[in-house]
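For reference, the structure discussed in these notes is given below.
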Amino acid sequence: MGDAREIQLQIRGAQEQPSLHKDATASNQPLRPSSMSKSWRWWLMIALNILFVLAGQTAGILLGRLYYNEGGNSKWMATLVQCAGFPILFLPLLLFPSPSFITSFAHPPITKIAFIYISLGLIIAGDNLIYSCGLLYLPISTYSLVCATQLAFNAVFTYFLNSQKFTPFIFNSVILLTFSSALLGIQSDSEDSTDVPKGKYSLRFVLTLGASAIFSLISSLIQLTLQKVPKIETFSIVLQMQLCISFIASIVCVVGLFASGEWKVLEGEMDGFGKGRVSYVMTSVCTAVAWQVASVGMVGLILVVSSLFSNVIGTLALPVVPIFAVIFFHDKMDGVKVMATLIAVWGFISYIYQDYLDDSKAKRAIGSDSKDGSGVSIPP
């Protein structure tokens, strides 16, 4: 009930300051709605970000596997393409500039912003490197299912960092996704790992699991940053944050590429690429674009809803990636993987049902206050 009255106060505050928001473009209005009666723009933003995550993540993983399958072997190069596509973000940033009132009132000290962006960039670069190592030796279907554990880790981090409620359905979702990953761990000596050097499969499995945990921490930190630092929630803020963080991560990857000496073999790697030099370049470029699209979608969902919901949408790619892996890379979908996929989907549905219950409860609370004459009448 207190949440409903707080929402009503926000609505009244917005009505008393029409001149402030009048100057902002539609795309740069605050993304979180001030009531449970969500506008079509809000739903459009949700749908667009979901599309970005699903398409970008699926394409990024598949292209990463293609890079390794056709002769690519540079872990730092595979890491660099995950963040080097940031220049494409300048185009939407020019189309959706920050309104004047955001520029005037929302910018925190530059030193604070620099510290946050550099820290996140360093962590993301390290996390991408671990993911690249995991993808090198894991079958793509196993890799994508292990990555689903990021939702379980994220639920824990959001509980402590973002005050996320732990309901029975969310707890059920965490347990199911953890169990789904455990099934794949038990299968470490199966036929999928027969062509992998002994001990490498288990190591890469653990690395991918650890990378999922780090990614979940990053998501929670980004949500905390958006809540505490900019204080104005717009699409342009999402683009600015993603651009700066990716730039820092790219610098780290370039340094790692030269420090490791892997840059010396790139020419030969390009010549020996199974589909030719042009295909090598196109694979790298498309991978970079795909991961930037996915990253913008993830940060957008963190901003609009929460980091936990953002990770939930990431797990929605679970049934998609293994299917494409079977089609394009002839991965085997045995009974254990099918069971792990079904359990993971069950966990996803469990979370979505909890979100539905929360939404229904909030609407009933607002409707009750409106009938009592204590608030503003909200249309369904």
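The values are calculated or read from the model by the stated rules, or taken from the named source; none is laboratory data. No experiment lies behind these values; they were computed from the predicted model shown. Please note: Cβ atoms are built from the backbone with ideal geometry, for glycine as well, and neighbour counts cover all protein chains shown.
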Checklist entry - With respect to the numbered conditions (1) modelled with pLDDT of 75 or more; (2) touching a helix residue (DSSP H, G or I) at 6+ places or on another chain (Cβ under 6 Å); (3) of a type outside the set (S, T, N, Q), which one is the sole condition not fulfilled by L342? => result (2)
Item to check | Scan of segment 72-84 for residues that are buried (at least 22 other Cβ atoms within 10 Å of the Cβ) and in a loop (DSSP other than H, G, I, E, B), ordered by number | outcome: G72, V81, Q82, C83, A84
Checklist outcome for this item: Per the list (1) under 27 Å from N69 (Cα atoms); (2) buried (at least 21 other Cβ atoms within 10 Å of the Cβ); (3) within 20 Å of the chain's Cα centre (by Cα); (4) modelled with pLDDT of 90 or more, residue check on C286 breaks on (2)
Next on the checklist: One residue is enough: does segment 205-223 have a residue meeting the conditions at pLDDT below 75 and not aromatic (F, W, Y)?
Outcome noted: no
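What residue, among those in segment 44-71 that are assigned to a helix (DSSP H, G or I) and small (G, A, S), is surrounded by the fewest Cβ atoms within 10 Å (Cβ to Cβ)?
Residues of segment 44-71 that are assigned to a helix (DSSP H, G or I), as a first pass: 44-69.
From what is left, the residues that are small (G, A, S) are 47, 55-56, 59-60, 64.
On the way: A47: 10, A55: 16, G56: 22, A59: 19, G60: 25, G64: 25.
For segment 44-71, the residue satisfying everything is A47.
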Checklist outcome for this item: Only unsatisfied item for M298, checking (1) modelled with pLDDT of 90 or more; (2) of a type in the set (A, V, I, L, M, F, W, C); (3) under 21 Å from R65 (Cβ atoms), is (1)
